[in-house]
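Worksheet: the structure to be examined is printed underneath.
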Amino acid sequence: MDQLAAMATFVRAVDAGSLSAAARSLPSSLTSVSRQISALERHFGTRLLMRTTRQLALTEDGRMLYERAKSILGELKEIEEGLAGNRREPSGRLRVSAPTLMGRLLIAPLLGDFLRAYPSLSVDLLLVDRNVDLIDEDVHLALRVGRMPDSQLVMRKLAEVQMIHCASPDYLARRGEPHTPADLAQHDCLVFSDAPGAATWRFGREANGGTRIRIAGRLWVNSLDALAAAAENGAGIVRVPSWQVERQLAEGRLRRLLRAHEPAPAPLHALYQPSRLGSTKIRAFIDFLIARWRGSDPLSR
């Protein structure tokens, strides 16, 4: 028995819903499909499918083999793509998720050049402010900011994101400028969150005994764009990524505060499943972003 071929037939039969449907989608007869699955059952010494005239039902062992076999076959496909990477141009569809504001301001403007560089590729860009499930949502590559918990995902660091604090000259003229994080208790703070309540802002380097300050904000918004606009209009002090307000700072519409107390930059990682380790389209996209951001460092100024 060719075990890999038999597992591929088994997975195809489960996905198709019946042995006959699997046979129609393969260069095999119904008898051949049935024999390969029976051979698998003999090899593993267990019943994998409950066969009826209309459909297939997986046993508990069959469900475990189906999930593992599908993963193994997917990994083999990715390995083949990786080994052929030097001989073949990246192609197909690439699904990427990114935080909404970062995707809109830093990723989307680069996609025209990326698509021109790889004419056989298409991109789906999913902009969401949550951690997507790469498997359930069929996302090939996710961009995430911050320290990543231990996981089985492959991570590659792309850049660093510097969080800063700023306010408008008008607000500072009325309320004064804070000189230490503790001074924020006397100021109106604008907080990025989905729900109101006490927030925590981190200051300083953790290695040097960083400080965490609880913030009782007067304005809570689930949009960084809206918060930055409110700060520019004199509503208070906002905490945002430096790249978001680069123009407002350069034009004097906002002033950077507490610079000596800023936290260490947070890493921006690209995450993907180990089974996609050899994917040429994922590697092409990551390498493209790193090349574009190298030197200009748009995220951590």
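Miscellaneous remarks
- Along the axis of the charge dipole computed for the stretch 153-266 (Cβ charges of +1 for Lys and Arg, -1 for Asp and Glu, origin at the Cα centre), the listed residues Ile213, Pro178, Ala198 are led at the positive end by Ile213.
- As a fraction of the 1.4 Å probe accessible area of the chain, surface on carbon and sulfur atoms comes out at 49 percent.
- Dipole moment magnitude, nearest 20 debye, the stretch 142-227 about Cα centre, only Lys, Arg, Asp, Glu C-beta charged: 240 debye
- Inter-label distance for Arg212 and Ser32, nm, one decimal - labels placed 7 Å from Cα along Cα-to-Cβ: 6.2 nm
- Cβ-Cβ FRET estimate between Ala195 and Leu127, R0 fixed at 25 Å, reported to 0.05: 0.75
- Of the residues Lys70, Lys77, ranked by 1.4 Å probe accessible area with the largest first, the sequence reads Lys77, Lys70.
- Taken about its Cα centre, the chain carries a charge dipole of roughly 220 debye when the Cβ of each Lys and Arg holds +1 and the Cβ of each Asp and Glu holds -1.
- Whole-angstrom gap from the stretch 110-124 to the stretch 209-287, using each part's C-alpha centre: 26 Å
- Relative contact order for the stretch 154-284: 44 percent, from Cα pairs under 8 Å spaced at least 6 residues apart, divided by residue count.
- Spin-label model distance (nm) - Ala108 vs Ala39, 7 Å beyond Cα toward Cβ: 5.3 nm
- Anisotropy class of the stretch 223-301 from Cα gyration tensor, a/c 1.5 cut: prolate
- Largest first, the residues Phe192, Phe288 sort by 1.4 Å accessible area into Phe192, Phe288.
- Normalised per residue, the accessible area of the stretch 175-301 is 49 Å², obtained with a 1.4 Å probe and no contribution from ligands, DNA or RNA.
- Magnitude of the charge dipole for the stretch 101-147, about its Cα centre and with charges confined to Cβ atoms of Lys, Arg (+1) and Asp, Glu (-1), is about 300 debye.
- Rounded to 0.05, the FRET efficiency of the Gln55 and Lys77 pair, given R0 = 22 Å and the Cβ-Cβ distance, is 0.25.
- Per-residue extension of 0.36 nm, minus the Cα-Cα distance of Asp138 and Ala182, leaves a gain of 11.4 nm for this segment.
- Within the chain, percent of DSSP bridges classed antiparallel, to nearest 5: 65 percent
- The modelled label-to-label distance for the pair Met148/Ala260, using points 7 Å beyond Cα in the direction of Cβ, is 3.6 nm.
- Gyration tensor (alpha-carbon) shape descriptor, the stretch 142-301, a/c threshold 1.5: prolate
The values are calculated or read from the model by the stated rules, or taken from the named source; none is laboratory data. Predicted model, so just to flag it, every value in this text is computed and none were measured. When we count neighbours, we look across all protein chains shown, and the Cβ atoms used for this are built from the backbone with ideal geometry, even at glycine. For accessibility, only protein heavy atoms count, side chains too; no ligands or nucleic acids. Shrake-Rupley method; radii C 1.70, N 1.55, O 1.52, S 1.80 Å.
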